[in-house]
Amino acid sequence: MYTRLQQCASVPDFNNYLSFILTKGDGVGDEIRQTAGLLLKNNLKTGWHGASGEHKVFIQRSLLSALNHPSKFLRHTVGTCISMITRAAGPTGWPEVYPALANAISIETASADPNALDGGLDAVYKVCEELNGRLDVPHAGMQEGSPAGLLLPKLLQLVGTVTDANARAKALGAINLMVPSWPQSHAHVMDAYLQALFALAMDTNGSVRKEVCVGIVSLLYRAPEKLAPNMRAVIAYMIDRTSDGDEDVALESCEFWAAFCEADLERDTVEVLREFTPKLIPMLLTNMKYAEDDEEVLNAEEDELNSGTDDKDKGTCLGFRVSKS
């Protein structure tokens, strides 16, 4: 079947056929439908601009209709295809997609149709990834002025109310991707975002805590003045997360220290870090461990550097080479 699908690639409406199989192919196995979706994704990535307007509309409507498909694999494949179109068309090339996504991730949808919420969040996150979070582009006639202005309030509502941890993590992750291009018209909403980060700081789900760390680091670059009044609490929190039992959280928290050094902070705020250095420095040094293969590489490099030198009159002390007197 896969071979036959590839052979049909030259047919003008082949992508319409693929989108139909993916979104409405009842009676066809999920594996085949997902394969059709992946082929569609690849075709959209390279050939979207060459498709006719009629074919584009058919594919777009088909994909949006399947955001709430019962199969998680299929609705996530739909989200991938949607993100490929927004990547090819740009943030203004498909204005209808953003109201549809906003509806899918609304609070009302969260309780009425969990599949639509999951599909919508997956698509929003992938769209943000493909567009590097650049959703602050003005759209004439669009409610709230831009895709970011339309989606951010919906995502913030979800972060504060939805009970599903995966949904909280995905919603917060999508917001984090938009922080570098946060719309100036929605600067006031950043306070709600900061409150959401603080509220989720001790979430029991590791993925959520990881996204909290990502958000704090993003704010440190984008709007450090928002964190400055609470910098002591933020530093203490990030030190704790560097020792988090979830390795992904611990690794993500380490980004904070480099960001702190690079951020545009007032001197008084920078001085706050000095209070924590007696705890921070030993912790960082303790966690600076070479993996076994790293040590092998270092030993090999040292052997290569010292090749051809006479070291028979040298000994070692505490791991350092010293010459005998």
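The values are calculated or read from the model by the stated rules, or taken from the named source; none is laboratory data. Quick caveat: nothing in here was measured; it's all calculated off a predicted structure. Virtual Cβ from ideal backbone geometry, glycine too; neighbours counted across all protein chains shown. Note: accessible area is taken over every heavy atom of the protein model, side chains too, but ligands, DNA and RNA are not part of it. Shrake-Rupley method; radii C 1.70, N 1.55, O 1.52, S 1.80 Å.
Things worth noting here:
- The set of residues from the stretch 128-154 being of a type in the set (G, A, S) and more than 15 Å from N176 (Cα to Cα) comprises A140, G141, G145, S146.
Yes/no per residue for (1) over 15 Å from E130 (Cβ atoms); (2) under 28 Å from the mean Cα position of the chain (by Cα); (3) small (G, A, S); (4) part of a helix (DSSP H, G or I):
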| position | (1), (2), (3), (4) |
| --- | --- |
| G27 | yes, no, yes, no |
| K45 | no, yes, no, yes |
| S62 | yes, yes, yes, yes |
| N68 | yes, yes, no, no |
| F73 | yes, yes, no, yes |
| I85 | no, yes, no, yes |
| P91 | no, yes, no, no |
| S111 | yes, yes, yes, yes |
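- Residue count for the stretch 157-170 satisfying the condition of being assigned to a helix (DSSP H, G or I) and more than 17 Å from the chain's Cα centre (by Cα): 3.
- In the stretch 220-262, the residues that are of a type in the set (A, V, I, L, M) and more than 22 Å from P180 (Cβ to Cβ): A233, I235, A236, I239, A250
- Entry remark, the stretch 46-70: residues being modelled with pLDDT under 90 and open to solvent by 40 Å² or more (accessible area, probe 1.4 Å) number 3 in total.
Every residue, every condition in (1) more than 25 Å from R267 (Cβ to Cβ); (2) out of contact with any Ser or Thr (no Cβ under 8 Å at 6 or more places or on another chain), yes or no:
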site: V189; (1), (2): yes, yes
site: A199; (1), (2): yes, yes
site: E211; (1), (2): yes, yes
site: A228; (1), (2): no, no
site: Y237; (1), (2): no, yes
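- Scan of the stretch 131-156 for residues that are open to solvent by 40 Å² or more (accessible area, probe 1.4 Å), assigned to a helix (DSSP H, G or I) and either basic (K, R) or modelled with pLDDT of 95 or more (or both), ordered by number: K154
- A104 meets all of the listed conditions (1) farther than 27 Å from A187 by Cβ; (2) more than 18 Å from the chain's Cα centre (by Cα); (3) at pLDDT 95 or above but one, namely (1).
- Residue ID - farthest from the chain's Cα centre (by Cα), chosen from residues in the stretch 185-196 that are open to solvent by 30 Å² or more (accessible area, probe 1.4 Å) and among the aliphatic types (A, V, I, L, M): A187
- Unmet requirement for A199, which otherwise passes all of (1) on the phi > 0 side of the Ramachandran plot; (2) open to solvent by 30 Å² or more (accessible area, probe 1.4 Å): (1)
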